[in-house]
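Structure first, then comments.
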């Protein structure tokens, strides 16, 4: 009966390519904006023999979401899972979860403020003061081809960041001869009765292409292990995207993208409020030219996106005071990049900029109806103007390569709303309406091939400006540590020193890698309790002001291995360890305990099978002051089976699986307020692709 | 065609004239522009006009502008010297209220001062204002009835109390008139009741300020400043911050020049509000 429901991914086959294994072709194709083609892991060695092979790497990781070129089904156990679940599979990415929807990605144990999250290189900023709408929630796997994850300053191309960058690549058909593909997708999950239905159309000629896709998801409350229902964990969302490209002439392309994403009735079980509307309109227009004098791959893009986020507690019983908290974020931006290849050098130049307006307000309705409603601006219409230049040079030596990159950025902030500025001046009577900051970063990354070993070493320096909330937030309630947060426009920039190193060994059918990075972040921005201040939120424990710590340290280590046991049969495993401390050796919040994953996959052209186990050790280091408690160890087992059928020349993919097989009740270190994760869940995905 | 042309010219002319006269009206310096005539009364062949920025007088602080008109000539007197005495006629006694002197404004037909009414009038009890004024060397007296209503929304803008020193005080909020979400200037007048008819400004006391929102679990605001005595103006000035709109209770504590508490309590878990307070809702 359930099978009736199923799916059809147009081939959403996410899998991870480890950075050190990127082939030269990959890099070239990628930088040229050409569609990504993933190579089997062992291909790298074969190419390694070539004389001018780049030894790339650069601690980048790609989660493939849709791979058009694949004919088989190498993939993801659950093709129609959420983008959040895809990202979870990246080694350096973790997810802070406030419910079943809109998880917030962290990279290298750092979250939104310290990352640059982009959609096709476009900056998009969430409109929720409580981080309930990370950018990743405004796209869907149905319109993405991959997530490109760059650790630390390797992500500086995408924007100012300290922890790294996540760039979500929109899926485009590209200019190909006479392609017309229709894909239908259908999915069902038992635990929260999630229904997924979607369709893709790809139409492509030499001269132009048009892609369209639509996906709709609706889920009820999920149940934790043991069957306990997690109330307010439902959601409903749909996403429509349209892409078009036109070949203006030889080597000249025009492309446009429109993404419309709307979520309604999204419950956040870990928070005191829900979201009745989260809507994004994301648009871009780009122009690409293969050559520009001696330069090549010149790409320029103009973009605009607007986000509306409406948070309220109208569905919640027994709240002390009813409130509405809408927020808006509009971003206008551009970038232009081009490359130059000369001798041993491969240079990349990029100029980018954006202008963002962030406004959020709160209206509370007193229990005593006779009293006036209470209004405040929680984001005082902050205008951010940011423009930067990025330059990178990859120098190839015989069996090694050096990458040097630098970014300089100017960022101006202005509080445009008089009411908001006056509010801020309650705390900072001398606060100026506007300020300018200069940001810079520089990174070097060295990579060397020693027979079957590859060594990587990198050093970087970067600065970042405070986020809108950190600089200008006004009584933003954090339900995790139960404090109200007030921004501080006088914050210093964070300055990060990054050190990374890795070693990997690749043998036919066998691969091991060990890597680690360490960040010392001076002026680390974190909330500090000011006991003289009175809480705004009823029941809060105190008020915290964002302040600069002298410094904080974050260390991430990971070990990965992959072993090809037999043709089609692969075992892979990963272990990671993370630690974050401040200058007084206190634990930073939201740092993962040691964690592990192990997969056994069997994958042939028509059959797919996977058994996996994942878990984490007991949380040893945690910070009660920031609302954390000790998260117990857990291990979760899952499995999936897939079969591809050929029906009159068209492919029908089917996948089914069980997550959390033993219905374990657990929560992870990053589950907001310890909300339990989903219990046993059966899923069915069907994708039918008509050529 | 000619007619059309003429009509057009006439229209243009009318428009021009009307615009011009508008301009004249604006440029004419209306000494009571922006004020409302609250009441007027006749005596001695004069009309006494009382103006306020508000539509009427309320309990608490009221700025009052006065013009006196000669009924016969329909002209306002200049440079009148005015003294005033507000009187509350209660059923069993009479009393006055704190007041300023009356001084001429920049426009010498208008005089100005303030009155701080402790209470409203009602069916049996009412306020009247006795004016003793001198025009051109002649002294006149006039008395008029005043209607005093509750402050807007019934919020407490004035409080009359007996301090721990057995003195009766009157504390009235003068500003902010239009409170905003910001650090507002806070202005208040503090008076001692010498007898039923005489009130004197109290100097060099201190009033601590603690605004709270009772509807928000007594949320308070930072960077308020105590009210302290401003010698130049004879009133108290401090700072009052509001973090949001809504209903605020301004908890106060009055300390004398020796730092002794005359009235009011600190706000604590056990004491959610002071007995000395103002109310603001916006």
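The values are calculated or read from the model by the stated rules, or taken from the named source; none is laboratory data. Just so it is clear, the structure is predicted and the values come from calculations on it, not from any experiment. Heads up, the Cβs are rebuilt from the backbone with ideal geometry, glycines too, and the neighbour counts pull from every protein chain shown.
Tabulated data for the structure shown
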{"read-out": "Flag for residue A:580 being touching a residue at least 60 places away in the same chain (Cβ under 8 Å), surrounded by fewer than 16 Cβ atoms within 10 Å (Cβ to Cβ) and out of contact with any helix residue (DSSP H, G or I) (no Cβ under 7 Å at 6 or more places or on another chain)", "value": "no"}
{"read-out": "Test: residue A:411 is under 25 Å from residue A:334 (Cα atoms) and surrounded by fewer than 16 Cβ atoms within 10 Å (Cβ to Cβ)", "value": "no"}
{"read-out": "Residue within the stretch A:537-551 that is within 14 Å of chain B (Cβ to nearest Cβ), at pLDDT below 95, touching a helix residue (DSSP H, G or I) at 6+ places or on another chain (Cβ under 9 Å) and crowded, with 21+ Cβ neighbours inside 10 Å present", "value": "yes"}
{"read-out": "Residues that are on the phi < 0 side of the Ramachandran plot and in contact (Cβ under 8 Å) with a residue 60 or more places away in the chain, drawn from the stretch A:617-627", "value": "A:625, A:626"}
{"read-out": "Subset of the stretch A:514-534 [in a loop (DSSP other than H, G, I, E, B) and under 30 Å from residue A:571 (Cα atoms)]", "value": "none"}
{"read-out": "Flag if residue A:270 is modelled with pLDDT under 95, away from chain B (no Cβ under 14 Å) and in contact with a strand residue (DSSP E or B) (Cβ under 8 Å, 6 or more places away or on another chain)", "value": "yes"}
{"read-out": "Residues of the stretch A:450-465 satisfying the condition of being surrounded by fewer than 18 Cβ atoms within 10 Å (Cβ to Cβ) and closer than 30 Å to residue A:506 by Cβ", "value": "A:450, A:451, A:452, A:453, A:455, A:457, A:459"}
{"read-out": "Residue in the stretch A:423-445 that is touching a strand residue (DSSP E or B) at 6+ places or on another chain (Cβ under 9 Å), more than 29 Å from residue A:488 (Cβ to Cβ) and either buried (at least 17 other Cβ atoms within 10 Å of the Cβ) or away from every other protein chain (no Cβ under 14 Å) (or both) present", "value": "yes"}
{"read-out": "Residue check, residue A:377 in contact (Cβ under 8 Å) with a residue 24 or more places away in the chain and within 14 Å of chain B (Cβ to nearest Cβ)", "value": "yes"}
{"read-out": "Scope the stretch B:255-266; condition closer than 30 Å to residue A:370 by Cα and not in a loop (DSSP other than H, G, I, E, B); matching residues", "value": "B:263"}
{"read-out": "Qualifying positions in the stretch A:174-201 - closer than 20 Å to residue A:689 by Cβ and buried (at least 23 other Cβ atoms within 10 Å of the Cβ)", "value": "A:183, A:185, A:187, A:188, A:196, A:198, A:200"}
{"read-out": "Strands (runs of 3 or more DSSP E) contained entirely in the stretch A:416-513, each with at least 2 residues that are touching a residue at least 60 places away in the same chain (Cβ under 8 Å) and under 16 Å from residue A:151 (Cα atoms)", "value": "A:434-450, A:453-464, A:494-507"}
{"read-out": "Lone qualifier among A:608, A:602 - being crowded, with 18+ Cβ neighbours inside 10 Å and either within 14 Å of chain B (Cβ to nearest Cβ) or at pLDDT below 95 (or both)", "value": "A:608"}
{"read-out": "Verdict on residue A:325 being buried (at least 22 other Cβ atoms within 10 Å of the Cβ) and within 14 Å of another protein chain (Cβ to nearest Cβ)", "value": "yes"}
{"read-out": "Within the stretch B:272-282, considering residues that are over 14 Å from residue B:214 (Cβ atoms) and assigned to a loop (DSSP other than H, G, I, E, B), the one nearest to the other protein chains (Cβ to nearest Cβ)", "value": "B:282"}
{"read-out": "Failed condition for residue A:455, given (1) within 14 Å of chain B (Cβ to nearest Cβ); (2) more than 25 Å from the chain's Cα centre (by Cα)", "value": "(1)"}
{"read-out": "Of the criteria (1) away from chain A (no Cβ under 14 Å); (2) at pLDDT below 95, which one residue B:269 fails", "value": "(1)"}
{"read-out": "The stretch B:209-254 - residue that is on the phi > 0 side of the Ramachandran plot and surrounded by fewer than 24 Cβ atoms within 10 Å (Cβ to Cβ) and, of those, nearest to the other protein chains (Cβ to nearest Cβ)", "value": "B:217"}
